[in-house]
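Reviewing the structure listed below.
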Amino acid sequence: MTSETTKPAESVHQAPAHESGKKSQGHNEGNAFARTTKPQRIRIGVGILAAIALAAAGYWYFFMRGLVFSDDARFNGHMVDVAPTVGGRVIALLVKEGDTVRKGQLLFDVDSSVQRTVVAQSESAAEAARAALAVAKAKYERAKNGPQPEEIRAAEAVEGRLKNEDALAKTELNRMQELRKEGAGTQDQLDRAAAASESARQSHESAVQSLSLLRQGTRTDDLEVANAEVKLAQGRIAEAEAATAKAKRDLDLHTVVAPFDGHVVRRWLDPGAVVQPGQPVVSVYDPATLRVDANIEEKYLDDVALGDEVDIRVDAYPRLRLKGQVTDILRAVNSEFSLVPSEGVAGTFIKVTQRVPLRIAVSVPPGLALGPGLSVEVYVRSGTAKRSAL
């Protein structure tokens with residue numbers, strides 16, 4: 001009984017001894033760094049810091065050296081608010097937002113019924129002026145060439161007829177006067193005879209004068225008057241044609257077309273709306289003018305030059321990398337155009353880092369939905385313009 005009870009006790013005692021040996025070995029290994037001397041620990045820490053510094057310096061040298069960074073940048077481009085120069089009701093609006101348009105493509109029509117009436121009236125006035133010119137030219141030619149023999153013979157015949165009528169009217173008047181003296185006629189008959197005689201006399205005198213003028217031929221003043229009438233008619237034709245051209249031009253203004261190839265980015269009105277002159281109907285963006293407008297801090301201005309290459313990252317397309325080139329460095333900082341003046345009140349001064357605007361030309365792959373307002377990040381490679389010029 002005694003031996004059976006002691007064996008288990010020995011085995012239980014040996015197991016903890018074996019585990020204790022393992023723990024002692026792990027403890028010794030864990031304290032290996034603790035057993036190092038202080039100078040050794042300093043050297044190890046310095047080595048780690050040196051490796052980190054070397055890695056940072058290498059990254060800066062190979063990837064960041066000579067770069068001017070700015071995230072205050074966005075796409076911009078030529079965007080036009082298309083508006084009519086005449087007022088009226090929009091009767092047709094043929095595009096919607098997102099449509100692609102070509103230069104000269106019809107965008108919308110403004111009611112032109114009134115203007116079409118003006119065009120018709122001006123064309124009628126021009127035709128009347130041309131007819132008046134034809135008459136004036138005929139008169140001028142007649143005055144220039146003088147009366148024809150047949151015209152003189154016709155005038156003589158008219159004068160002879162009126163002379164006979166004048167004599168007959170006088171005879172009738174004398175007869176009525178004699179009858180009146182005898183009490184046979186009435187006063188009314190006498191008055192009528194007197195009026196007829198006077199009218200016949202005047203007509204005969206006019207015919208005599210006309211015949212006399214025809215026999216004398218064309219006078220200088222008559223030729224000048226006829227020439228003046230021709231010039232007046234020509235001036236009226238020019239005036240009427242100018243009015244017609246203006247009316248047709250105003251009619252064309254009722255039809256508005258796209259000023260360039262681009263995209264419709266906004267439609268401000270719908271068909272049926274009444275538009276005023278200069279009021280935008282649609283806005284069109286020209287993708288050919290897409291650029292990047294960036295603002296850099298003034299302390300980096302010395303590191304940027306025209307022609308420097310630019311790496312561009314687009315927030316909307318994180319994996320997209322674009323190439324650009326600095327095309328303009330504007331001469332005024334943004335604060336100069338602020339509604340609130342940057343200068344403080346008298347006696348105070350707070351220095352604020354100014355930002356200088358840059359214009360960057362960019363090449364964009366076709367098919368990407370890039371447009372004005374999208375945010376980008378720019379990395380200007382300083383000095384690349386000088387190196388490319390060498």
Task: Note, ³J(HN,Hα) from phi for region 236-246, Karplus 6.51, -1.76, 1.60, rounded to Hz, x at Gly and Pro - done: 5, 5, 4, 5, 5, 5, 5, 5, 5, 4, 5
Task: Residue among ALA167, ALA129, LEU179 farthest towards the positive dipole end of region 116-250, charges placed on Cβ - done: ALA129
Open item on the list: Whole angstrom only: what separates the Cα centroid of region 220-262 from the Cα centroid of region 148-174?
Closed with: 48
TODO: Could you work out how far apart the two model spin labels at LEU251 and GLU298 are, taking each label as a point 7 Å from the Cα in the direction of the beta carbon, and quote it in nm?
DONE: 6.0
Task: Separation of the THR186 and ILE42 label points, Cα + 7 Å toward Cβ, nm - done: 15.8
Task: Chain lengthening between ILE329 and ALA83 when straightened (0.36 nm per residue, less Cα-Cα) - done: 85.3 nm
TODO: Please give the net charge around GLU97, taking every other residue with its beta carbon less than 9 angstrom from that of GLU97, where Lys and Arg add +1 and Asp and Glu add -1.
DONE: +2
- [ ] Could you list which residues have their amide H under 5 Å from that of ASN76, counting only those 5 or more apart in sequence or on another chain, with H placed in the peptide plane?
- [x] ARG291, VAL292, ASP293, GLY373
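Every number in this text was worked out from the coordinates using simple rules, so none of it is lab data. This is a predicted model, so every value here is computed, not measured. Note: ideal-geometry Cβ built from the backbone for every residue, glycine included; neighbour counts use all protein chains shown.
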